[in-house]
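Chemist: Sharing a structure below in structure tokens format, with a few things to ask.
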Amino acid sequence: MRPGGPSNNSVIDRRQTRWVLSTFIAALVQLTVFYSAGHGADSTDIPTVTRFISDNCVGCHGPLKQKGKLRLDSLSPNFEDPAALRVWVEVMDKLNLGEMPPEEKPRPDVQAQLHMVKWIAAGLRTVQRKSLGSGGRMMLRRLNRAEYANTVRDLLGLTFLPGESPLEFLPPDAKADGFDKVSAMLMVDPSLLDKYYEVAQRVADKAIVRGDPPFPTYRNRFYLKDTAKRAANRYLCDEPGFKCREDDIILMAGATRSYDDLFYPGTKRKRIPIKGMYAVRVRAAADPGSSGKPVRMQVLRESGGEGVLMETDVTAPPSSPQVYQVVLPLGVEGGEFAVKILDPAKFTINNGAYRNMERAIEKAGEIKDFAAIMRTKGRMLAEGLLSGGCPNPETVDTAKIPKLYLDYIEIEGPLYEQWPPKSHQALFFKGKGAVQDIAYAREMFTRFMPKAFRRPVSAGEVESIVGLIKGELDAGTNYEEAIRVGLTAVLTSPNFIYLFEPGGEQVRSLTDLEFASRLSYFLWSSMPDESLLALAKAGKLHDPGTVSHEVDRMLADPKSRALVSGFGAQWLKTDEFRTTKPDEKLYRDYNDKLGQDMVAQSLAFFEYVLTKNLPATNFLDSDFTLVNERLAKFYGIEGVQGDAFGVVKLPAGSPRGGLLGQAGVMMRGSDGSRTKPVQRGVYVRDVLFNDPPDPPPPNVGEIEPNIQGKNLTVRDRLKQHQKIETCAACHRGIDPYGLALENFNVIGAWRTQQDGENFRGAKRPAIDASGKMPNGKTYADFAEFKKLLLDQKDRFRTALAEKMFLYALGRPAEPADRGTIMQFADAMAAGNDTFRGLIEAIVASEAFRTK
């Protein structure tokens, strides 16, 4: 049962489901979408194609003979015919695999065969694009799940705790060209509608409250001096590195915890009574000892809790302890709170004599020399060798040892910004004391629905929701629950779920409200805010200066982080960085946190280039990067501390500049034990130049790993693969982009000799990162390769402009958009190649401003 809900929820849910389903279908029927025709294969190449088929295929697949019931001389070149398309794809695959013509027949000219394959691949891409396209029109588009979650957040002023966001419950959206904003891919089926209904109910339950908070905010404190008062814990005061005092304790090693304390009053031994936001505080001081380095403290929640909650340097001296605090979400599951000193002194060291005698006993046992075992044990007792550890003489003088002084651990929460929350007040605008009748409900939704639907609403639309609420009230539902039903209906309406710009076949300019919505979902992946709406209502969004100012304001707003997690993440494919796990035995430096940092680095780099208005060509090469302490150590960069990412200037000759110097990209182009230059090359061509290679033959497989007795490098194995001439022709356009990256191993560490697989010892082969680009230019190493990439800035600009065009408009660029894309690229070149310059060019374009 939902909080505050009636006992007949199942009846209500069935009634709501029928209403939502019927109204969704009825409304969606009204939002008709017309798709324009696309293009098939290039007709100018048909004579060449005809000659190839006549010379190489008609003998087996012509008017006299049709092997496999396949006739090619009369095959339609119209790739929009599904039957013809299937045959053309089969022809392409057979040619790629070298299975057609058969071995006993004369082989076709390799270049003619490649031309044929490319013609079919181009036709296939055109048909695929046509299926996603719209004839240059902006189509009706469903909000993707990130946009839905952000819109709900901003509409109701909600803050979602981990595990509560709609992102956690809605399925991933289908992608096209790497992005989840393409209209044709964002369909709704009954199962997805069920999910929307489930999510909307969850949102309504969270947004609307009834009565006082279920658990008032409470401050709970445990004084660590009480550790010594607990009989079960007194032994700790005698431990090396742990000192109990009258007012506090001193940690020189190890950790302390809250023990059997910090339970929320009135609960059955729960420290956290309800999932929510809590403040965790520790009053502490520190003495750095002779090292002079700050003492670092870690606060964590043990026994199935959230793990590390806070990690910080404690700089307060013992004479003036300070409170160190973190505010974060905590869940009901989890145990005690603990405080740990990091980089502690070692009070015990390995006892070498003890270890040697233990090994002597093991050897004597293997040969059953029991007399020797007894003599050795007697000697151990005589010499006092009772354990494998012994006191460290360097810790006898504790004055030199770093110390952490701890006074108390405090938990305060659950914390509420206000009560009732903003989400409740977004609907119940009259506050307490308002008459809760149907007239008030009508007022609520008359105010609320235009914001939710992002346009003016009719009285009839409001009455459809009010009628639903009235039906619930008449059935005996309490008032708050009835309003929840109305809110659920709004959040599952196609008018909320879809970005709808009504219009017929004629091209028209967007209204200011439509433009505001399109701009907001481009930059924020969410609804317009009050400032943008006010400009729209005043008719000011047709003024270029006003729009430029709004773009600057919106990019400076924290909500522009959606452009990082949306466009940035999907452009760079960061969700693919960790699809394979590196072999732990081969790559011991890797761990899960380092992997997370690799993903975060690429997003932080994108965000920095975007917000600092730097040239996007920094992705080709840069003299800086962004790292935190963990990643900096991995890269061999000194002077970086903490988990936060910051910009660092790279020394001359560093390979870490640009996108390709980032370890996450290299880990994506690996399989956990070896590098995969082909996959890396495809990534470079796709991400940096929007030029993915033609599809490979089916079941072509990967370059084989080394087998027993072999020790070939990946480059050597690629050379063997390229002995097949048709394979070589394809790989010539891919491999140079991947082999240039061979100095980066599976986890992105720099190497000069081969590692991984079976490569060991000093005689490992040296890395050869040289190559020849498809344009004939050669490079000797990674540094020269990046210079050749920088020579292709025009190609990079055009590729980036086309990808952001798709993201902004929700449709791929079509042939008629070529001039527009080139204008965007020219605007970038004239504006220092910034993302902001590209964004402003897109926003100002006719394509963005028209329906």
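The values are calculated or read from the model by the stated rules, or taken from the named source; none is laboratory data. Remember, it's a predicted structure, so these values are computed and weren't measured experimentally. Cβ coordinates were reconstructed from backbone atoms using ideal geometry, including for glycine residues, and neighbour counts include every protein chain displayed. In case anyone asks, the SASA skips ligands and DNA or RNA and just uses the protein heavy atoms, side chains included. Shrake-Rupley method; radii C 1.70, N 1.55, O 1.52, S 1.80 Å.
Chemist: For the peptides 313-324, 215-226, what is the packing order when you average, over each peptide's residues, the other Cβ atoms within 10 Å and list the highest mean first?
Modeler: 215-226, 313-324
Chemist: To the nearest 20 debye, what charge dipole does region 447-527 have about its Cα centre, counting +1 at the Cβ of each Lys and Arg and -1 at the Cβ of each Asp and Glu? Before the final figure, lay out each step's value.
Modeler: On the way: 8 positive and 10 negative charges, 54 e Å.
Once rounded to the nearest 20, the dipole reads 260 debye.
Chemist: Follow-up. Let a ≥ b ≥ c be the square roots of the eigenvalues of the Cα gyration tensor of region 45-127; is it rounded (a/c under 1.5), or, if not, prolate (a/b larger than b/c) or oblate? Present the calculation step by step, with values, prior to reporting the outcome.
Modeler: Numbers: a/c = 1.60, a/b = 1.21, b/c = 1.32.
The shape class here is oblate.
Chemist: Additional query: Taking a cut-off of 14 Å, what percent of all Cα-Cα pairs in region 303-384 are separated by more than that?
Modeler: Numbers: 2568 of 3321 pairs.
Tail of the P(r) past 14 Å holds 77 percent of the pairs.
Chemist: Enumerate the aspartates and glutamates that K451 could reach by cross-link, defined here as Cα to Cα under 19 Å, with residues fewer than 8 away along the same chain left out.
Modeler: Answer for K451, where 19 Å is the Cα cut-off: E147, D154, E443, E461, E463, E501, D512, E514, D529, E530, listed by chain and number.
Chemist: For the pairs K195/K470; K118/K581; K275/K422; K181/K432, flag any whose C-alpha to C-alpha distance is greater than 30 Å.
Modeler: Beyond 30 Å: K118/K581; K181/K432.
Chemist: Also: According to a simple spin-label model (label point 7 Å from Cα along Cα-to-Cβ), what is the distance in nm between D369 and H115?
Modeler: Here the modelled spin labels are 8.4 nm apart.
Chemist: To continue, here is another question. Share of the chain's accessible area from carbon and sulfur, percent, 1.4 Å?
Modeler: Numbers: 20850 of 40190 Å².
Within the chain, the accessible surface is 52 percent carbon and sulfur.
Chemist: Right, something else. How many Å² of accessible area per residue for the chain, probe 1.4 Å? Before the final figure, lay out the partial values.
Modeler: On the way: 40190 Å² over 851 residues.
Computed with neighbouring chains in place, this is 47 Å² per residue.
Chemist: How high is the relative contact order of region 249-373, in percent, counting Cα pairs under 8 Å that sit 6 or more residues apart?
Modeler: Values: 197 pairs, mean separation 39.6, N = 125.
Normalised by residue count, the contact order of region 249-373 is 32 percent.
Chemist: Can I ask one more? Region 438-487: Rg/Rh from Cα coordinates, Kirkwood Rh?
Modeler: Working: Rg = 10.5 Å, Rh = 10.8 Å.
Taking Rh as the inverse mean 1/r over Cα pairs, Rg/Rh reads 0.97.
Chemist: Below 8 Å, C-alpha to C-alpha, sequence gap of six or more: please give me the relative contact order for region 150-222 in percent.
Modeler: The normalised contact order for region 150-222 reaches 24 percent.
Chemist: Between region 60-97 and region 151-226, what is the separation of their alpha carbon centroids in Å?
Modeler: A separation of 50 Å, based on Cα centres.
Chemist: Give me the lysines in straight-line cross-link reach of K403: C-alpha distance below 29 Å, same-chain residues under 8 apart excluded.
Modeler: The reachable lysines, counting only those whose Cα sits under 29 Å from K403, are K225, K229, K243, K293, K340, K346, K593, K633.
Chemist: Now for a separate question. Round to a whole angstrom and tell me the spacing of the C-alpha centers of region 491-561 and region 603-669.
Modeler: 33
Chemist: Now for a different question. Do you know the relative contact order of the chain, to the nearest whole percent, from alpha carbon pairs under 8 angstrom that are 6+ apart?
Modeler: Numbers: 1267 pairs, mean separation 110.4, N = 851.
That works out to 13 percent.
Chemist: What ratio of Cα Rg to 2.2 N^0.38 Å holds for region 541-587? Can you show the working numbers first?
Modeler: Working: Rg = 18.5 Å, N = 47, 2.2 N^0.38 = 9.5 Å.
Scaled against compact globular proteins, the figure is 1.95.
Chemist: Using alpha carbon centroids, what distance separates region 258-291 and region 786-813, in Å?
Modeler: 51
Chemist: Okay, next question. Can you tell me how region 799-851 classifies by the Cα gyration tensor, rounded, prolate or oblate, using a/c under 1.5 as the rounded cut?
Modeler: Numbers: a/c = 1.67, a/b = 1.48, b/c = 1.13.
The shape class here is prolate.
Chemist: Sticking with this structure for a sec: May I ask you to list the lysines whose Cα is less than 22 Å away from that of K363, ignoring any residue fewer than eight positions away on the same chain?
Modeler: K377
Chemist: Can you tell me the order of 440-448, 519-527 when each peptide is scored by its average per-residue count of other Cβ atoms within 10 angstrom, highest first?
Modeler: Numbers: 440-448: 18.8, 519-527: 24.4.
Going from most to least packed, we get 519-527, 440-448.
Chemist: Report which label in [x] 30.9, 103; [y] 40.8, 157; [z] 33.4, 104 holds the value of Rg and Dmax of the Cα atoms in Å derived from the coordinates of this structure.
Modeler: So the structure-derived entry is [z].
Chemist: Moving on to the next point. If ligands, DNA and RNA are left out, what is the accessible area of W88 with a 1.4 Å probe, given in Å² to the nearest 10?
Modeler: 10
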